[in-house]
Every structure is written in C-alpha cells, then in structure tokens.
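Each remark here refers to the structure printed beneath this line.
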Amino acid sequence: MTCEDTQPTRITWEVQLYEIVTGMWISRGYGRATTTADPADIARAALTAYLAGTSAHGGETFRALARPDGGQPVIVTPDELPAGEVGAAARQALPHYLREALAAG
C-alpha cells in the first residue's frame with residue numbers, strides 16, 4: 001500500500017506466541033478488518049493492545065502478523081512498538097476487547 005491508496009483493503013491479523021518446546025508460533029489472537037490503515041499499523045495496534053490486556057510471563061516472545069489481501073505480510077515485534085498513540089484507523093480496525101485494552105493501557 002502507498003500513501004495514495006484510499007481504497008479499503010482486507011487485512012487478516014494475528015498475535016502469536018513463540019512456543020519454545022515445539023519451536024513454533026502459536027496464535028493467541030486473530031482478526032480481520034477492511035480498512036485504509038497500513039498493515040504495519042494494524043499489526044502494531046493489535047500487538048500493543050494484546051500486550052496491554054495480557055500479563056505476559058517472563059521469557060515469553062510475542063509478535064504480530066498482518067496479511068493484506070494481495071500484499072506482502074508484515075511482522076511486528078514488541079521492540080518495534082511506538083511509544084505514542086495508535087492511529088484512529090488502526091484502532092477502529094481492532095475488535096472491541098482490544099480497543100478497550102488500549103484505552104485502559
């Protein structure tokens with residue numbers, strides 16, 4: 001997507017936890033949205049909200065994956081999360097329980 005794109009795109013996002021024993025990423029949250037927000041913004045918003053609403057245990061590794069239809073998937077890790085607010089379009093694309101977690105966090 002470019003900054004000139006104004007057509008909404010369907011994005012599938014997923015928050016994943018790395019399982020050390022199996023060496024696999026396990027889904028902890030999943031959703032779809034049709035939005036004009038950038039896939040990376042959706043991934044950052046989903047991961048920020050999930051981590052705000054969850055008490056992570058020591059040593060757990062999370063990431064968020066956003067897959068736009070017809071585009072390249074985007075992976076975001078916690079060290080890539082911004083310190084500021086989540087954009088309005090990305091926030092609106094999240095389900096209610098994650099928007100609530102952002103508001104509380």
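None of the figures in this text is laboratory data; all of them are computed from the coordinates on show. Everything quoted here is computed from the prediction, not taken from an experiment. A quick note on method: Cβ atoms are made from the backbone with ideal geometry, for glycine too, and the neighbour counts reach across all protein chains shown.
Which of the residues spanning the stretch 54-101 are farther than 20 Å from residue 11 by Cα, among the aliphatic types (A, V, I, L, M) and part of a helix (DSSP H, G or I)?
101
Only residues in the stretch 85-102 that are in contact (Cβ under 8 Å) with a residue 40 or more places away in the chain and of a type in the set (Asp, Glu) count as the first member; pair them with residues that are part of a helix (DSSP H, G or I) and surrounded by 14 or more Cβ atoms within 10 Å (Cβ to Cβ), Cβ under 9 angstrom, at least 6 apart or cross-chain, and list the lot.
Taking only residues 6 or more apart or on different chains, the pairs are 100/49; 100/53.
The conditions are (1) over 18 Å from residue 7 (Cβ atoms); (2) part of a strand (DSSP E or B), and residue 34 fails exactly one of them. Which is it?
Only one criterion is unmet by residue 34, namely (1).
Hey, could you check the stretch 2-50 for residues that are among the β-branched types (Val, Ile, Thr) and under 11 Å from the mean Cα position of the chain (by Cα) and say which is surrounded by the fewest Cβ atoms within 10 Å (Cβ to Cβ)?
Let us first name the residues in the stretch 2-50 that are among the β-branched types (Val, Ile, Thr), namely 2, 6, 9, 11-12, 15, 20-22, 26, 34-36, 42, 48.
In the following step, the residues that additionally are under 11 Å from the mean Cα position of the chain (by Cα) were identified as 11-12, 15, 42, 48.
Working: 11: 27, 12: 16, 15: 23, 42: 30, 48: 24.
Only one residue tops the list, namely 12.
Give the number of residues within the stretch 56-84 that are free of Cβ contacts under 8 Å to residues at least 40 places away in the same chain and within 11 Å of the chain's Cα centre (by Cα).
Looking only at that region, the number is 6.
Being in contact (Cβ under 8 Å) with a residue 60 or more places away in the chain and assigned to a strand (DSSP E or B): is that true of residue 29 here?
On the way: in contact (Cβ under 8 Å) with a residue 60 or more places away in the chain: yes; assigned to a strand (DSSP E or B): yes.
Judged against the criteria, residue 29 is a match.
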